[in-house]
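Presented below is the structure to which this report refers.
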Amino acid sequence: MPELPEVETVRRTLIQLIVGKTIEQATVSLPRIIQKPDDTMLFEEALAGRTFMEIDRRGKFLRMVLDGIILVSHLRMEGRYGVYAHHEPVEPHTHVIFRFTDGSELRYRDVRQFGTMHLFAPGEEWTSPPLNKLGLEPLSDNFTCEAFRSVLAHRSSKLKPLLLNQAYVTGLGNIYVDEALYEARIHPEQTADSLSAQEWQTLHQAVVKTLSEAVRQGGSSIKSYVNGQGEMGMFQQQLQAYGRSGEACARCGNPIVKIVLAGRGTHFCQTCQRMKRSRKRTAASVKKG
């Protein structure tokens, strides 16, 4: 958290709040947030006098385009941006401040201190970590069912860990993987190579539908997430699986269960999302018999 819908919501908010504003001074109080360059003074000097031109997103990363330089920012677990008047008190755990020439400030606050920022020359960001290691963008035109299948269908690993792997599909996290698998009626421990062509089509549609609706609702405010204007997301009000262990499944009435899979709490309905036998194992058994 935040995942793709939350980062997309932050992106849209920041477009309204900071595009066109020029940085008078950047101040870093927690050096480890800045991953590139390795000297925070160089980071501060490189941004002084730059104007925000555009705010893009790649997976869970914000790609903030300034004139002549690119800032790539990852919020990790609890990072957040907000715009304030310069005279407003600075909240605890505010680690980076961009003071604008109009007197306002963009502040980055991160209680857990896991967020990162990288600076790149334009174009360099695509060929360098972290963006060069990301997989399919699930809300792009390139995210076709065929592309989705080609990346995952031959793998014998369980589906949920594969969907969480940012090298295959980027932007998905624990909440939306649980929700997409529930929507598709697929067990999270089902192996990728056991799905039929129709199941891949169903899962592809479920991923796009779930993420699109979550973006429309401004994301899910689980724990501390708010957008750049301090507003909560609303998608958490219609979660069907995530965080609902012990509650009745909306489809069949049986309780949602929670297991730990690949170190992550995983929520699903044992009735609607039944585990299916691998087609490979079934075929081998028939041949042997």
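Rule-based calculations on the coordinates, nothing more; no lab input. Since the structure is predicted, the reported quantities are computational estimates derived from the model, not experimental observations. Cβ sites come from the backbone with ideal geometry, for glycine too, and all protein chains shown count toward neighbours.
Residue-by-condition table, conditions (1) in contact with a helix residue (DSSP H, G or I) (Cβ under 7 Å, 6 or more places away or on another chain); (2) over 26 Å from Gly20 (Cα atoms):
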residue: Ile97; (1), (2): no, no
residue: Ala121; (1), (2): no, no
residue: Leu136; (1), (2): yes, yes
residue: Asn142; (1), (2): no, yes
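The residues of the stretch 111-152 that are within 17 Å of the chain's Cα centre (by Cα), touching a residue at least 24 places away in the same chain (Cβ under 8 Å) and part of a helix (DSSP H, G or I), listed by number, are Leu131, Lys133.
Taking the criterion of being buried (at least 16 other Cβ atoms within 10 Å of the Cβ), of a type outside the set (Gly, Ala, Ser) and in a strand (DSSP E or B), the residues of the stretch 70-95 that qualify are Ile70, Leu71, Val72, His74, Arg80, Tyr81, Val83, Thr94, His95. Looking at the stretch 53-63, is at least one residue surrounded by 18 or more Cβ atoms within 10 Å (Cβ to Cβ) and either farther than 20 Å from Arg109 by Cα or of a type in the set (Ser, Thr, Tyr) (or both)? Scanning the stretch 53-63, I find at least one residue that is surrounded by 18 or more Cβ atoms within 10 Å (Cβ to Cβ) and either farther than 20 Å from Arg109 by Cα or of a type in the set (Ser, Thr, Tyr) (or both), so the answer is yes. Looking only at the stretch 177-202, residues that are in contact (Cβ under 8 Å) with a residue 24 or more places away in the chain, closer than 21 Å to Glu3 by Cα and part of a helix (DSSP H, G or I) come to 6 in all. Annotation note: of Phe98, Phe114, the sole residue that is within 27 Å of Pro5 (Cβ to Cβ) and surrounded by 18 or more Cβ atoms within 10 Å (Cβ to Cβ) is Phe98. Residues in the stretch 167-175: is at least one surrounded by 19 or more Cβ atoms within 10 Å (Cβ to Cβ), without any contact (Cβ under 8 Å) to a residue 60 or more places away in the chain and more than 15 Å from the chain's Cα centre (by Cα)? Looking through the stretch 167-175, none of the residues is surrounded by 19 or more Cβ atoms within 10 Å (Cβ to Cβ), without any contact (Cβ under 8 Å) to a residue 60 or more places away in the chain and more than 15 Å from the chain's Cα centre (by Cα).
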